[in-house]
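Okay, structure first, notes after.
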2 protein chains.
Amino acid sequence: MIPADDAASALSAADIDGGTFRLRHATPADLPAVVRLLADDALGAGRETTQDMKPYENAFAAIDADPAHLLIIGELVPHGEAAGAVVATFQLSFLPGISRKGAWRSQLEGVRVDASLRSQGLGKLMVGWAIAESRRRGCNLMQLTTHQSRTAAHRFYEQLGFEASHVGMKLTL
Amino acid sequence: MIPADDAASALSAADIDGGTFRLRHATPADLPAVVRLLADDALGAGRETTQDMKPYENAFAAIDADPAHLLIIGELVPHGEAAGAVVATFQLSFLPGISRKGAWRSQLEGVRVDASLRSQGLGKLMVGWAIAESRRRGCNLMQLTTHQSRTAAHRFYEQLGFEASHVGMKLTL
């Protein structure tokens, strides 16, 4: 559980057109906006629905109760205001493992930026924070999977130093 | 922490040449054998060392302390004996997430079978148990990444129903 004062404080911030882009821990109030970001996507559109928020609320409770999982949002705060709309999100998890000399690894999931705010460096700011936080927590490796069809995402991550070394395999249960 | 009686009991078993192949939770005593399995591998050989076991012991303690992570070993128990050599291993983790209607997903890591015992269905037995356990815990999705060079592994997982839908990207920190 993130204390209220931590949840409200900015993890990272940058001035962009229209105000300040600020990363912070998600709260339950952010959840509808997070789901809208996940749904506003070629693949997510068929997978998400805001009709029934209960499954998302349960998932948020599980994430929020475990310090190994962080749900982060980015908000666009207009100049002179205290808060703004949720325009970006990602999840970061910290996983122990025996491989690679018992390395901790971090894992990125559900990275999304509002379509109207792309190509302004917000994704780079988010992943940059995630990399720094992973190092701070002693991780030796960071990993993610992106769908084969997301070629722009592959280029984005390769520019940040990620290597497309693996095949990501999924099985629906 | 797995209670001692659970750790000793078989999760799954099958008769094979030479005895019974039995899955159970790993204990600290299994760790050298697990590391040898990880090191006996084209990619693992350069990544693992049994010279200093302390980092592996720390990782095992972290896995063992968190019910979201399981380190499983397979042992080959000769007929008429109570225990046998560790000949296989994998890790299974259970991860909450907002995506896919707040789906829990399970993740396989470090799947290894002793080179002398391949092509006897041990991998299929292990992943079959992992799939059943993931369903039992309410996961809607199971995922793993395998190195691009492991083409036999890709075929193995595709035969079990996994789809090579994603690119797995890694960044060494």
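Descriptive notes on the structure:
- Any hit, the range A:51-63, residues being at pLDDT 95 or above and among the β-branched types (V, I, T): yes
- Residue within the range A:144-151 that is of a type outside the set (S, T, N, Q) and not in a strand (DSSP E or B) present: yes
- Residues that are among the aliphatic types (A, V, I, L, M) and under 30 Å from A:A65 (Cβ atoms), drawn from the range B:37-78: B:A59, B:A61, B:A62, B:I63, B:A65, B:A68, B:L70, B:L71, B:I72, B:I73
- Complete set of residues in the range A:52-106 that are surrounded by 16 or more Cβ atoms within 10 Å (Cβ to Cβ), under 19 Å from A:L125 (Cβ atoms), without any contact (Cβ under 8 Å) to a residue 40 or more places away in the chain and not hydroxyl-bearing (S, T, Y): A:Q91
- Top-ranked residue in the range B:125-171 [being of a type in the set (V, I, T) and over 17 Å from the mean Cα position of the chain (by Cα); ranked as modelled with the highest pLDDT]: B:V167
- Being within 9 Å of chain B (Cβ to nearest Cβ), farther than 29 Å from B:E48 by Cα, in contact (Cβ under 8 Å) with a residue 40 or more places away in the chain and surrounded by 14 or more Cβ atoms within 10 Å (Cβ to Cβ) is a condition met by no residue of the range A:125-145.
- Residue within the range A:124-131 that is of a type in the set (D, E, K, R) and in a helix (DSSP H, G or I) present: yes
- Within the range A:73-91, one or more residues are within 12 Å of chain B (Cβ to nearest Cβ), of a type in the set (V, I, T) and within 13 Å of the chain's Cα centre (by Cα).
- Condition check for B:D5 on (1) part of a helix (DSSP H, G or I); (2) modelled with pLDDT of 85 or more; (3) not hydrophobic (A, V, I, L, M, F, W, C): one failure, at (2).
- Matching option when the condition is within 16 Å of A:R118 (Cα to Cα), out of contact with any strand residue (DSSP E or B) (no Cβ under 6 Å at 6 or more places or on another chain) and not basic (K, R), among A:D66, A:D41, A:D52: A:D41
- Residue match in the range A:96-116 (condition: more than 10 Å from chain B (Cβ to nearest Cβ), over 24 Å from B:G44 (Cα atoms) and in a helix (DSSP H, G or I)): yes
- Residue check for B:E48: within 11 Å of another protein chain (Cβ to nearest Cβ), in a helix (DSSP H, G or I) and of a type outside the set (G, A, S): no
The values are calculated or read from the model by the stated rules, or taken from the named source; none is laboratory data. All values reported here derive from a predicted model rather than from experimental measurement. Reconstructed Cβ throughout: ideal geometry from the backbone, glycine too, with neighbour counts over all protein chains shown.
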